[in-house]
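Undergrad: Here it is, the structure in full.
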Amino acid sequence: MRLKKYQKNWKASIAFTITSAISEYMPFNMGIVELEEMALRCRINIIKMIHKSQSGHPGGSLSAIDMIVGLYGTVLNIDTSNPNWKDRDRFIMSKGHASPAIYSILNEFGIINEKDFMSFRTLGSICQGHVDMKWTDGVDFSAGSLGMGLSFGLGCSFAAKLDNSQRNIWVMVGDGETQEGQLWEAIMAADFHSSGNLKLIVDRNGIQNDDFVSKQMEVGNLSKKIESFGWEVTEIDGHNMEEICGAIKWANDGQERPMAIIANTIKGKGVSYMENNPSFHGKAPNDEEYHIAMEELS
Amino acid sequence: MSVPSEGGASRDGYGNALLRLAENSDVVVLEADLGKSTKSCHFRSKYPERTFSLGIAEQNMMLVAAGLASSGKIPMASTFAIFTERGFEQIRNGIARPCLKAHICGSHGGIHTGSDGSSAQSIEDLAIYRTLPNMTIIHPADDISAEELTMQVVDLEGPSYMRTIRNKVPRSYSEETKNELKIGKGSLLRDGNDVVIICCGVMVSKSIDAAIILEKEGINAAVIDMHTIKPLDEQMLDLWSKKCRCIVTAEDHSIIGGLGSAIAEHNSRTNLVPMEMIGVKDRFGESGDSEELFKIMSMTTEDIVKAARKSISRK
């Protein structure tokens, strides 16, 4: 009831190719093509803001953005005119360095604007280097230190249960982040407390700050590991919007046990020279690289 | 709950307060396998639906508290003081930075913990939490003041850390005098004009004993229970340092970074008066009886008396 329809007026111009099985789970009534178009716009804005500030993390923003768009564009129950509505679903971006992805989606939903995100990482900007709930409406967590978001989400899930609320708590982590021990404390606790309203998305892009995850400390078969902790787990192509929407619907519906989606992604997805390239974990494109990215995304 | 016959342990005051706070349905309790020690167990027995056991996983507990606080709950999370430190960065980034109203209690603080040995004797907790913006740091003297101050933390606009103590100590407060306790305001327990002894936790009763001994020598020592280490009651500090013109601090904590340091920082900026610091002098503890440990660390009543004489002599 509190959900506001997506405001922008481009919807009618885009052909719907969505299957009815998926569409019934999309409160924002966005089809696959719409979602893909939105993800493309987000990618452009991610590159724009990082290029402008000449700092930030493009790789993990580009790997995560399709899932984020899929989530916001379908099941995430928020009120765009009242981002702090108490009974909203929560989206906790634990990999807080991928903040450009969050700012790009909040822009799409009219919670922040272009002027806001183009001030990314500058003094006084509401768009801090790492997402911060104290600075930005629509941000549910103050991130920046990896491994903490799922625990925070677990606290939110306890609160939802105490409130007898149907709200769901979504948490996104990176695969490098799964090296943090605290994450497994939270995974274990969520099973013990039967936190069925808690949903985890792992952005399995295979690269962390210094190098490939396989070289730094391989995290192995995350599906089996998380499943062995008592969670329901599915694994998808994190850039295939139909698979994303299907998995999000599946996770959204499951309320008995905590639900996890392992999304296999490509770091830097959408910009050729950034794709699967560890050096673009936390580096801004220069002017020449920026123009190449813009051409590729246009 | 049994009432201590000879004195009170501040952890019991914390446990009592949780039961009283339960009237507020937003109050929830978090445990990390030490509820029987921190005394949150009584809340658990009565309100199991509002008690969350997180196992031996303190880092997770701190962020669970943050998540609950962000959703409008009032989480009261406790474990041993030393094990809260395992979650320091979680408290720093997850609770203090976003200024969430999550309240942490670290029990068994200081070398007073005794025979468990140095691994359990937190002597740095007040120092590390004091560095965090938004945090209120409280270390009550006895069970009565711990209960009263715990009742008040839920009204704070941000997070808090309270250190409680395992063992019973002589009470410094009564059911009447507890009403004067206020977070952020030091409590004058004894008037005097020759030296002011500013103390917290288990050192409060020792400081009163020291003042009684000093009185027999004709020295009038004021005693202030500075139960709130942060924000420090600077107004009271100024008033009494001007009046007495010398200070002794006494804490069951490292002299690096705790109450003594906080007062020295202020003193160096304002009314520079001589001060002596009683506390743990840059060493770890060991197993032993509390009083034996205080003796080898020069933290007895007699050591406070000596420090007072020395501070006066430096005027």
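Undergrad: To check my understanding: the extent here is largest minus smallest coordinate of the Cα atoms along each principal axis. What are those three numbers for the stretch A:141-295, in Å, largest first?
TA: Ordered largest first, the stretch A:141-295 gives principal extents of 53, 31, 29 Å.
Undergrad: In percent, how large is the relative contact order of chain B, given Cα pairs closer than 8 Å and 6 or more residues apart?
TA: Relative contact order comes out at 18 percent.
Undergrad: How crowded by other chains is B:68-78, given as the mean number of beta carbons from other chains within 10 Å of each beta carbon? Spell out each step's value before the answer.
TA: Values: counts 8, 4, 10, 16, 4, 6, 0, 3, 0, 0, 0.
That average works out to 5.
Undergrad: Could you give the angle, 0 to 90 degrees to the nearest 10, between helix B:58-70's Cα long axis and the longest principal axis of the Cα atoms of chain B?
TA: The answer is roughly 80 degrees.
Undergrad: Treating only the Cβ of Lys, Arg, Asp and Glu as charged (+1, +1, -1, -1), what charge dipole size does the stretch B:54-135 show about its Cα centre? Round to the nearest 20 debye.
TA: Dipole size: approximately 360 debye.
Undergrad: Please compute the Kirkwood hydrodynamic radius of the stretch B:184-313 from all pairs of different C-alpha atoms, in Å with one decimal. Numbers along the way, then the final one.
TA: Working: mean 1/r = 0.0700 Å⁻¹.
The Cα-based Kirkwood calculation yields 14.3 Å.
Undergrad: Now for a different question. Quick check on the exposure proxy: order A:Cys127, B:Cys246 from fewest to most C-beta atoms within 10 angstrom.
TA: B:Cys246, A:Cys127
Undergrad: To one decimal place, what orientation-averaged projected area in nm² is obtained for the convex hull of the Cα set of the stretch B:50-131?
TA: Spelled out: convex hull of the Cα atoms, projected over all directions, averaged, 5.4 nm².
Undergrad: Based on DSSP H runs of at least 4 residues, each adding -39500 (n - 2.57), what is the mean residue ellipticity at 222 nm of chain A after dividing by all its residues, to the nearest 500 deg cm²/dmol?
TA: That calculation yields -12000 deg cm²/dmol at 222 nm.
Undergrad: So what's chain A giving for Cα Rg divided by 2.2 N^0.38 Å, two decimals?
TA: So chain A has a normalised radius of gyration of 0.92.
Undergrad: Equivalent-ellipsoid semi-axes (√(5λ), Cα gyration tensor) for the protein assembly as shown, whole Å, largest first?
TA: Over the Cα atoms of the protein assembly as shown, the semi-axes work out to 53, 25, 20 Å.
Undergrad: With +1 on each Lys and Arg Cβ and -1 on each Asp and Glu Cβ, and nothing else charged, work out how big the dipole of the protein assembly as shown is about its Cα centre, in Debye to the nearest 20. It would help to have the intermediate numbers written out before the result.
TA: Working: 64 positive and 80 negative charges, 233 e Å.
Here the size comes out at about 1120 debye.
Undergrad: Here's something else I'd like to know. Just to be sure I understand the curve: with the Debye formula and one point per C-alpha of chain B, what is log10 I(q)/I(0) at q = 0.07, 0.10 Å⁻¹?
TA: Each listed q maps to, in turn, -0.25, -0.50.
Undergrad: Between B:Ser118, B:Met277, B:Ala17, whose Cα lies farthest towards the positive end of the dipole of chain B when Lys and Arg beta carbons carry +1 and Asp and Glu beta carbons carry -1, centred on the Cα centre?
TA: B:Met277
Undergrad: Could you calculate, for the stretch B:10-163, the ratio of the Cα radius of gyration to the Kirkwood radius, expressed as Rg to Rh?
TA: My calculation of the ratio gives 0.92.
Undergrad: Looking at the stretch B:194-240 from every direction and averaging, what is the projected area of its Cα convex hull in nm²?
TA: 3.1
Undergrad: Determine, for each peptide in B:194-206, A:205-217, the mean count of other beta carbons within 10 angstrom over its residues, then list the peptides with the highest first.
TA: Peptide ranking by packing, descending: B:194-206, A:205-217.
Undergrad: To one decimal place, what orientation-averaged projected area in nm² is obtained for the convex hull of the Cα set of the stretch A:254-298?
TA: Averaged projected hull area, Cα only: 4.8 nm².
Undergrad: A follow-up question, please. What is the helix-to-structure angle for B:259-269, meaning the angle in degrees between its Cα long axis and the longest Cα principal axis of chain B, kept from 0 to 90 and rounded to the nearest 10?
TA: Once rounded, the angle reads 60 degrees.
Undergrad: Just want the answer: with Cβ charges of +1 for Lys and Arg and -1 for Asp and Glu, which residue in A:Asn107, A:Ala251, A:Ser145 is farthest toward the dipole's positive end in the stretch A:27-297?
TA: Of the candidates, A:Ser145 comes out farthest on the positive side.
Undergrad: Filter the GluC sites (Glu not before Pro) in the stretch B:141-190 down to the DSSP loop ones having no more than 11 other Cβ atoms within 10 Å, then list what survives.
TA: Within the stretch B:141-190, the qualifying GluC sites (Glu not before Pro) (loop, at most 11 other Cβ atoms within 10 Å) are B:Glu157, B:Glu175, B:Glu176.
Undergrad: Rounded to the nearest 20 Debye, what is the dipole magnitude of the stretch B:184-313 about its Cα centre when Lys and Arg each give +1 and Asp and Glu each give -1 at the C-beta?
TA: That gives the stretch B:184-313 a dipole magnitude of about 440 debye.
Undergrad: Sticking with this structure for a sec: Taking the mean number of other Cβ atoms within 10 Å as a proxy for protection, how do you rank B:22-35, A:50-63, A:224-237 from highest to lowest?
TA: A:50-63, B:22-35, A:224-237
Undergrad: Relative contact order for the stretch B:10-163: what percent, with Cα pairs under 8 Å and sequence separation of 6 or more? Write down the numbers at each step before the final one.
TA: Details: 318 pairs, mean separation 42.0, N = 154.
Answer for the stretch B:10-163 is 27 percent.
Undergrad: Among A:Leu183, A:Leu71, A:Val173, whose Cα lies farthest out toward the positive end of the dipole of the stretch A:27-297, if unit charges sit on the beta carbon of Lys, Arg (+1) and Asp, Glu (-1)?
TA: Comparing the listed Cα positions along the dipole, A:Leu183 ranks first.
Undergrad: Restricting to lysine pairs 8 or more places apart or on different chains, what number in the stretch B:184-313 have Cα atoms under 19 Å apart?
TA: 17
Laboratory data are not the source of any read-out in this text; all were calculated from the coordinates shown. Note that the coordinates shown come from a computational prediction; the quantities given were computed from them, not determined experimentally. As a convention, Cβ positions derive from the backbone with ideal geometry for all residues, glycine included, and neighbour counts pool all protein chains shown.
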